[in-house]
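To start, the structure under review is shown below, and the notes come after it.
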Amino acid sequence: MSDAPPLSERPYLILWRAGPGSLHPQAMAGLAQQNFDVAFSWYGDEPPAEADQAVFTHLVKGAKWPGLQATLAQHWDTVSRYQYVWIPDDDLACTPENASRLFAICADLRLELAQPALSHDSYFAHPITLQHPAFQLRFTNFVEIMAPVLSVDFLARVYPTLDGAISGYGLDSLWPRLSALGRLAIVDDTPIRHTRPLGGPNYAFSQKAGRSPLQEDGWVCATHFIESASDQHLSLGGLLQNGDAVCLGASPTELDVMLEAVLASLQPLVAQGRLSAAQLTRYLGHHLAWWQGGEQGRVRYGRQFVRAVLEQALAPAGLHFGTPAARPAVEAGSLARAEMFPSYRAH
């Protein structure tokens, strides 16, 4: 463990589970001008060169999630002083300005769990995590554990779920269910780039432990009564680039606005061959099937509740999810840019 500088008054912390070859130096450029501190859960043999800029560096070998669990346990007194903690993988490229902006957006909207969207040139597993340029951000039912931002209260709430985690499979099915609609988001305005193919050393740790990532996912879901398919990812609402707050409400117009914005955002990737037509159709189809009530055609609650819940959750931010009278043009890049919150520009 390295000596650390005195704790600053910055409200946010980036905690990297990282090792040699980590891309963290990109996000640390001009650190003094940003709104966040940094810390390391380091699996390398020697501390990183930037350890003297970190509030702590914890040397711990092994898989990602056992290492993070050990780091959080040992340094919780420090971590708990921050409002938000971002835990990105070390193969994610991010600018310091986007990191600061990401934190500010989470604080403005009082989010519990969020992530930055992945740039269109990223390796990805789930279309919902790709940047949707028609949106500033989207309120979703899914956040990937590759780069979660957690309020410190939510981090304390989910900490017990790290017991037994190796690959982390299943956590991104569980964590959204421990939060609420309007408290989760994927932030499209602060994209990061995933630079390496999916997989990596954590899969070897899973194999050594005798439990595959899929078995780990099944264990988490069985333990927590998660019956529905974990890959039915939904963008339930969001802020368009012009500042309009839209959602999957009860009217067909609301459904159309959301689907048109999603389609406009991702269709160029199909033309580029980076996203298959089947992947995009499946992702869009989840929204239609959910809105109609699934295979049985039954809904547990009227879809107007989506608008009501979002409005209540986001009332402090002044967001109003009115029913659109007509479908606006939502082609990616066609909507005038609207800055919704002053603190977005402050960092």
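So which residues in segment 172-199 are of a type in the set (A, V, I, L, M), more than 23 Å from ALA315 (Cβ to Cβ) and at pLDDT 90 or above, if there are any at all?
From segment 172-199, those of a type in the set (A, V, I, L, M) are 174, 178, 180-181, 184-187, 192, 198; that's our starting set.
Subsequent filtering for residues that are more than 23 Å from ALA315 (Cβ to Cβ) retains 174, 192, 198.
Of everything in segment 172-199, those that are of a type in the set (A, V, I, L, M), more than 23 Å from ALA315 (Cβ to Cβ) and at pLDDT 90 or above turn out to be LEU174, ILE192.
Restricting to segment 225-261, what's the tally of residues that are at pLDDT 90 or above and either in contact with a helix residue (DSSP H, G or I) (Cβ under 6 Å, 6 or more places away or on another chain) or closer than 20 Å to THR281 by Cβ (or both)?
18
Can we say THR57 is over 22 Å from the mean Cα position of the chain (by Cα), farther than 14 Å from VAL149 by Cβ, crowded, with 17+ Cβ neighbours inside 10 Å and in contact (Cβ under 8 Å) with a residue 40 or more places away in the chain? So that I can check it myself, show each step before the final result.
Numbers: over 22 Å from the mean Cα position of the chain (by Cα): yes; farther than 14 Å from VAL149 by Cβ: yes; crowded, with 17+ Cβ neighbours inside 10 Å: yes; in contact (Cβ under 8 Å) with a residue 40 or more places away in the chain: yes.
In short, yes.
Looking at this structure, is SER100 touching a residue at least 40 places away in the same chain (Cβ under 8 Å) and either farther than 30 Å from PRO213 by Cα or touching a Lys or Arg at 6+ places or on another chain (Cβ under 6 Å) (or both)?
Numbers: touching a residue at least 40 places away in the same chain (Cβ under 8 Å): yes; either farther than 30 Å from PRO213 by Cα or touching a Lys or Arg at 6+ places or on another chain (Cβ under 6 Å) (or both): yes.
Considered against the rule, which asks whether it is touching a residue at least 40 places away in the same chain (Cβ under 8 Å) and either farther than 30 Å from PRO213 by Cα or touching a Lys or Arg at 6+ places or on another chain (Cβ under 6 Å) (or both), SER100 comes out as yes.
Looking at VAL158, VAL149, which one is assigned by TED's automatic domain parsing to the domain that holds ALA73, buried (at least 21 other Cβ atoms within 10 Å of the Cβ) and β-branched (Val, Ile, Thr)? Quick ask: steps written out before the conclusion?
Working: VAL158 fails: buried (at least 21 other Cβ atoms within 10 Å of the Cβ).
Result of the check over VAL158, VAL149: VAL149.
Among the numbered conditions (1) of a type outside the set (A, V, I, L, M, F, W, C); (2) at pLDDT below 95; (3) surrounded by fewer than 17 Cβ atoms within 10 Å (Cβ to Cβ), tell me where ASN202 comes up short.
It is condition (3) that ASN202 fails.
Evaluate the following for LEU111: is it buried (at least 21 other Cβ atoms within 10 Å of the Cβ), out of contact with any Asp or Glu (no Cβ under 6 Å at 6 or more places or on another chain) and part of a loop (DSSP other than H, G, I, E, B)?
Numbers: buried (at least 21 other Cβ atoms within 10 Å of the Cβ): yes; out of contact with any Asp or Glu (no Cβ under 6 Å at 6 or more places or on another chain): yes; part of a loop (DSSP other than H, G, I, E, B): yes.
Yes: the conditions hold for LEU111.
Would you confirm, using the coordinates I've provided, whether GLY170 is on the phi > 0 side of the Ramachandran plot and crowded, with 24+ Cβ neighbours inside 10 Å?
On the way: on the phi > 0 side of the Ramachandran plot: yes; crowded, with 24+ Cβ neighbours inside 10 Å: yes.
It is true that GLY170 is on the phi > 0 side of the Ramachandran plot and crowded, with 24+ Cβ neighbours inside 10 Å.
Do we have GLY21 as surrounded by fewer than 21 Cβ atoms within 10 Å (Cβ to Cβ), closer than 24 Å to GLY168 by Cβ, in the same structural domain as ASP172 (by TED's automatic domain parsing) and in contact (Cβ under 8 Å) with a residue 24 or more places away in the chain here?
So GLY21 passes the test.
Which condition breaks for ALA63 when tested against (1) out of contact with any strand residue (DSSP E or B) (no Cβ under 8 Å at 6 or more places or on another chain); (2) under 14 Å from SER235 (Cβ atoms)?
Every listed condition holds for ALA63 apart from (2).
The values are calculated or read from the model by the stated rules, or taken from the named source; none is laboratory data. Just so we're clear, the structure is a prediction, and the values are computed from it rather than from any experiment. Cβ sites come from the backbone with ideal geometry, for glycine too, and all protein chains shown count toward neighbours.
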